[in-house]
Amino acid sequence: MKNIFVRICFIMVFVYALGSCTQAQQKAKKNNQENNTQAKKENTMDENKWIIKDKTLDNSKIDSTSKVVKTEEEWKKQLTSEQFYILRKKGTEYAFTGKFYKHKEKGMYVCAGCGNELFTSEQKYDSGCGWPSFYDAVAAGKIKTSLDTSHGMVRTEIMCARCDGHLGHVFEDGPNPTGLRYCVNSLSIDFKKKEEK
Ligand SMILES: [Zn+2]
């Protein structure tokens, strides 16, 4: 009799333990599903809501017929390793170190990857942020934007529309008339001095 009682107890404990295990598994599964849904939500964050827009930052104005497309190897040959890191790997140069940060000559700033004209010296201003800053771009369709959620921030990345080279980011704390600050790596651009007449 005692034996049977012990057996029943044992079976009950076993069934209870099994039940708890299944419950725990289900809970873990549910948590996992919730996490996945959350991750999905973050990945599909609505670009239209977050991205900074302006008349010169209209991706629909980009001329896709003049695209410059090169392989990683070709870019490596053409660019210095620092330029490659910034332009092709979306790197950022150290603040206050770039050769164009304090640059004040008159002329045109072009993409260091493909020569696309991006900013004029008239559009450059001293933002004090440590990188060359412009309040506007030369024209619509010159610069491509993309939502950048890396490093725990939500930013609008700016790229050369012709070669997709990473330039920097655009922020909404610039001066009039646009209120924008195009914050650009010196290594992403070259300078063409204006010819004196
Ligand atoms: Zn370019």
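Read the figures in this text as sums done on the coordinates, not as results from a lab. All figures in this text were calculated on a predicted structure; none of them were measured in a lab. Glycine also receives a Cβ, built like all others from the backbone with ideal geometry; neighbour counts cover every protein chain displayed.
Peptides 97-103, 179-185, 75-81, 115-121: what's the order by average Cβ count within 10 Å, highest mean first?
Numbers: 97-103: 15.3, 179-185: 23.7, 75-81: 13.3, 115-121: 19.0.
Listed from highest to lowest mean packing, they are 179-185, 115-121, 97-103, 75-81.
Arrange the following residues from fewest to most other Cβ atoms within 10 Å of their Cβ: V154, V68. Provide the component values of the computation, followed by the final result.
Values: V154 11, V68 14.
Going from sparsest to densest Cβ surroundings: V154, V68.
Using label points projected 7 Å from each Cα along Cα→Cβ, tell me how many nm separate D63 and T120, to one decimal.
Label-label distance for D63 and T120, simple model: 1.8 nm.
To check my understanding: the extent here is largest minus smallest coordinate of the Cα atoms along each principal axis. What are those three numbers for segment 99-197, in Å, largest first?
48, 28, 24
In this model, which of K49/K90; K106/K144; K53/K99; K104/K124; K76/K99 are farther than 18 Å apart at the alpha-carbon?
Details: K49/K90 23 Å; K106/K144 25 Å; K53/K99 28 Å; K104/K124 8 Å; K76/K99 21 Å.
Flagged as over cut-off: K49/K90; K106/K144; K53/K99; K76/K99.
Counting Lys and Arg as +1 and Asp and Glu as -1, each charge on the Cβ, what is the dipole of segment 47-155 about the Cα centre in debye, to the nearest 20? Show your work: numbers first, answer last.
Details: 19 positive and 15 negative charges, 13 e Å.
Rounded to the nearest 20 debye, it is 60 debye.
Can you put K49, K89 in order, fewest other beta carbons within 10 Å first?
Working: K49 7, K89 10.
Ranked by crowding around the Cβ, least crowded first: K49, K89.
Could you give each residue of segment 45-61 its phi-based ³J(HN,Hα) in whole Hz, using Karplus coefficients 6.51, -1.76, 1.60 with θ = phi - 60°, and x for Gly or Pro?
For segment 45-61, the Karplus-derived couplings read 3, 5, 4, 4, 7, 9, 6, 6, 10, 7, 4, 8, 10, 10, 4, 6, 8 Hz, x marking Gly and Pro.
Enumerate by residue number the GluC sites (Glu not before Pro) in segment 140-197 meeting two conditions: DSSP loop (anything except H, G, I, E, B), and at most 15 other Cβ atoms within 10 Å of the site's Cβ. It would help to have the intermediate numbers written out before the result.
Details: sites: E157, E172, E195, E196; in loops: E172, E195, E196.
Listed in order of number, the matching sites are E172, E195, E196.
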